[in-house]
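Asks: A single structure is presented below for examination.
The values are calculated or read from the model by the stated rules, or taken from the named source; none is laboratory data. Keep in mind that this is a model prediction, so the values were computed, not measured. Heads up, the Cβs are rebuilt from the backbone with ideal geometry, glycines too, and the neighbour counts pull from every protein chain shown. Side chains are part of the model used for accessible areas, which takes the heavy atoms of the whole protein and leaves out ligands, DNA and RNA. Shrake-Rupley method; radii C 1.70, N 1.55, O 1.52, S 1.80 Å.
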Amino acid sequence: MNAYLGVDIGSRTVKVILLDEEGRILARGLATAGYDGPAVAAGLVAQACAEACISPSEVAASVATGYGRGRYPGADAESSEITCHARGARHLVPDARTVIDIGGQDSKVIRLDGAGRVLDFVMNDRCAAGTGRFLEVMADALGVAVSELAALHARAERAVPVSSTCTVFAESEVISHLARGVAPADIVAGLHAAIASRVLALAERVGLEPVLTCTGGVARNAGFVSALSSAARMPVVVPDDAQFAGALGAALLALARQAERR
Ligand code: ADP
């Protein structure tokens, strides 16, 4: 069997996807990148091959993307995050026109045309505010895991503003809110609103057209997604494999490259 591999080595997590010749997902894997993302990727690829019951020699083509792609020797080609995220998101949400991807250390907004081509994009990789890292720091200050933020948000009665745009100052704000007895749920709602407004300010540069989809690890946080939807005044579609959009796009590119060679 011929299989097609996409590897996304992000700043926080590594994702891999294996597709068959029809573009169906055979296996997927996700792990924390740690200090050696390429080694983590190699381990995930071996696991994905075992899960799909194929030998690594059956991987006919592979593409790597993400922050660490240049250090990963196991792929035939590299592709930019914008190309891969756009392709993956469009596959998951076929009518998407705007993709907001929020990962561990960056956020990006990609505008697509009706055929799924990239019209424009904008990226923030300079400032942690507006990224998953911001939420990780705030979750730590609140003494909870990022995976618990959505449940906390669901209990919020109001969103208490967190106005600092600097992560370090925002963390101090959270700590002083807690010291004044503000409910953690209300702080979380405020944090989600703050990130949503920062990401939308970024989105304004390329325009925000429905259908809007959100991908990346932060899309797993339903509290943030509802804050984004309220701030954007439109529904936000989150596909099941939102965190895998980049890896999926890379795997689809590997499949397309192989088809072109035939
Ligand atoms: P990257 O590709 O940049 O390494 P990801 O797209 O994997 O990053 O996103 C990582 C971020 O996703 C983390 O910083 C965290 O904020 C968020 N995240 C991951 N898992 C969850 C979860 N279960 N619930 C809420 N947020 C999550």
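Asks: Tally the residues that are open to solvent by less than 10 Å² (accessible area, probe 1.4 Å) and either within 19 Å of residue 135 (Cα to Cα) or within 7 Å of the ligand (Cβ to nearest atom) (or both), restricting the search to the range 3-13.
Replies: Number of matching residues: 1.
Asks: So, one more: State which residue is farthest from the ligand (Cβ to nearest atom) when the search covers only the range 118-135 and only residues that are in contact (Cβ under 8 Å) with a residue 24 or more places away in the chain and out of contact with any strand residue (DSSP E or B) (no Cβ under 8 Å at 6 or more places or on another chain).
Replies: So the residue we want is 127.
Asks: A further question on this structure: Going through the range 99-112 one residue at a time, which ones are away from the ligand (no atom under 16 Å from the Cβ) and either open to solvent by 30 Å² or more (accessible area, probe 1.4 Å) or within 22 Å of residue 164 (Cβ to Cβ) (or both)?
Replies: 111
Asks: Still on this model: Here is a list of conditions, (1) modelled with pLDDT under 95; (2) open to solvent by less than 10 Å² (accessible area, probe 1.4 Å), and residue 215 meets all of them except one; can you say which number that is?
Replies: Every condition holds for residue 215 apart from (1).
Asks: Going through the range 150-204 one residue at a time, which ones are among the hydroxyl-bearing types (Ser, Thr, Tyr) and either within 16 Å of the ligand (Cβ to nearest atom) or open to solvent by 40 Å² or more (accessible area, probe 1.4 Å) (or both)?
Replies: Within the range 150-204, 163, 165, 167, 172, 176, 197 qualify.
Asks: Look through 64, 96 and report the one residue that is closer than 30 Å to residue 224 by Cβ, within 16 Å of the ligand (Cβ to nearest atom) and either part of a strand (DSSP E or B) or open to solvent by less than 10 Å² (accessible area, probe 1.4 Å) (or both).
Replies: 64 is the lone residue from the list that is closer than 30 Å to residue 224 by Cβ, within 16 Å of the ligand (Cβ to nearest atom) and either part of a strand (DSSP E or B) or open to solvent by less than 10 Å² (accessible area, probe 1.4 Å) (or both).
Asks: On to the next question. Taking the residues in the range 233-258 that are open to solvent by 10 Å² or more (accessible area, probe 1.4 Å) and in a helix (DSSP H, G or I) as candidates, determine which candidate is nearest to the ligand (Cβ to nearest atom).
Replies: 243
Asks: Another question, if that's okay. Assigned to a helix (DSSP H, G or I), away from the ligand (no atom under 16 Å from the Cβ) and open to solvent by 30 Å² or more (accessible area, probe 1.4 Å): is that true of residue 230 in this structure?
Replies: Spelling it out, residue 230 is indeed assigned to a helix (DSSP H, G or I), away from the ligand (no atom under 16 Å from the Cβ) and open to solvent by 30 Å² or more (accessible area, probe 1.4 Å).
Asks: Tell me, which residue of the range 229-250 that is among the aliphatic types (A, V, I, L, M) and more than 17 Å from residue 209 (Cβ to Cβ) is farthest from the chain's Cα centre (by Cα)?
Replies: Within the range 229-250, the match that is farthest from the chain's Cα centre (by Cα) is 250.
Table: residues versus (1) within 17 Å of the chain's Cα centre (by Cα); (2) assigned to a strand (DSSP E or B); (3) more than 16 Å from the ligand (Cβ to nearest atom).
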site: 15; (1), (2), (3): yes, yes, no
site: 46; (1), (2), (3): no, no, yes
site: 57; (1), (2), (3): no, no, yes
site: 60; (1), (2), (3): no, yes, yes
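Asks: Further question: Could you give every pair whose Cβ atoms fall below 8 Å, whose first residue belongs to the range 204-227 and is over 25 Å from residue 11 (Cα atoms), and whose second residue is away from the ligand (no atom under 11 Å from the Cβ) and basic (Lys, Arg), counting only separations of at least 6 or pairs across chains?
Replies: Close Cβ pairs satisfying both conditions: 207/111; 209/97; 209/111; 210/97; 211/97.
Asks: Separate question: Please list, ordered by first then second residue, the pairs with beta carbon atoms under 8 Å, 6 or more apart or interchain, first in the range 241-262 and among the aromatic types (Phe, Trp, Tyr), second open to solvent by less than 30 Å² (accessible area, probe 1.4 Å) and outside any helix (DSSP H, G or I).
Replies: Matching pairs, first to second residue: 244/8; 244/15; 244/17.
Asks: Next up: Of 82, 175, which residue is of a type in the set (A, V, I, L, M), part of a helix (DSSP H, G or I) and assigned by TED's automatic domain parsing to the domain that holds residue 45?
Replies: After applying the criteria, what remains is 82.
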